[in-house]
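K.L.:
My structure is below; once you've seen it, I'll send some questions.
The values are calculated or read from the model by the stated rules, or taken from the named source; none is laboratory data. Just so we're clear, the structure is a prediction, and the values are computed from it rather than from any experiment. Don't worry about glycine lacking a Cβ; one is built from the backbone with ideal geometry, like all the others, and counts go over all protein chains shown. With ligands, DNA and RNA removed, areas are computed over all heavy atoms of the protein, side chains included. Shrake-Rupley method; radii C 1.70, N 1.55, O 1.52, S 1.80 Å.
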Amino acid sequence: MNRKKPFEITEGMKNKIISAAYKDASWLNRILVWRLISKNKEAKSIFDSYRATANEIAKLTEEECPGFIVDSAKEKTIAAKANTPGFLNDFYTIVFVRPVVSLAVVIVVISAITFGIIRNKTVEYEFTEAEVIEGDKQAQQALAIVGNIFEQTRSTLEEDVFGNKVSRPLNKGLGIINNLFEGENNEIN
């Protein structure tokens, strides 16, 4: 078992010493660090080293950055943001910046589609006369059924929907509006 010696400084204690040297520690941690550095030479040397660094940093003043450096940084960051690769940027580059390339791609694609359509000719089926007659008969039956359905729908629309559900309420509403207007005309005269 590795036991720590009482004079060894742990990482947590070292962070407290650094914090106290920069005057960022709480007052309780500062007191703890002051007690430690009064008894431990290694802790005192760490504290003195960081305290000297903190004092040098405190002496630094804020200086104005030259304008040409700021302008150069702006140009580089704005140019980097504007030139970020993306689908729209690539599409624009292919179609508008390089029209010859886009024309070649379009020609190749259209040629491939046209060649595929021409190459795949439709298969011609051969039917016997009996099959043609049977197909014609079935088509006539199907069209007769569809015709009956359309006829029933037409009569339902004319009699029930347009006759009862649309015409009567519409005539009633127009009659009410007509009566209202006639009443206004009588009051004016």
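K.L.:
Give segment 120-149 a look and list any residue that's in a helix (DSSP H, G or I) and touching a helix residue (DSSP H, G or I) at 6+ places or on another chain (Cβ under 9 Å), or say none. I'd like the intermediate steps shown before the answer.
P.N.:
First pass over segment 120-149, keeping only residues in a helix (DSSP H, G or I): 129-149.
If the condition is that a residue be in a helix (DSSP H, G or I) and touching a helix residue (DSSP H, G or I) at 6+ places or on another chain (Cβ under 9 Å), then no residue fits.
K.L.:
Hey, among the residues in segment 142-157 that are open to solvent by less than 100 Å² (accessible area, probe 1.4 Å) and not β-branched (Val, Ile, Thr), which one's modelled with the lowest pLDDT?
P.N.:
Going through the qualifying residues, I end up with Leu157.
K.L.:
Assess whether Ile9 counts as being surrounded by 11 or more Cβ atoms within 10 Å (Cβ to Cβ) and in a loop (DSSP other than H, G, I, E, B).
P.N.:
Numbers: surrounded by 11 or more Cβ atoms within 10 Å (Cβ to Cβ): yes; in a loop (DSSP other than H, G, I, E, B): yes.
Yes; evaluated as a whole, the condition is true for this residue.
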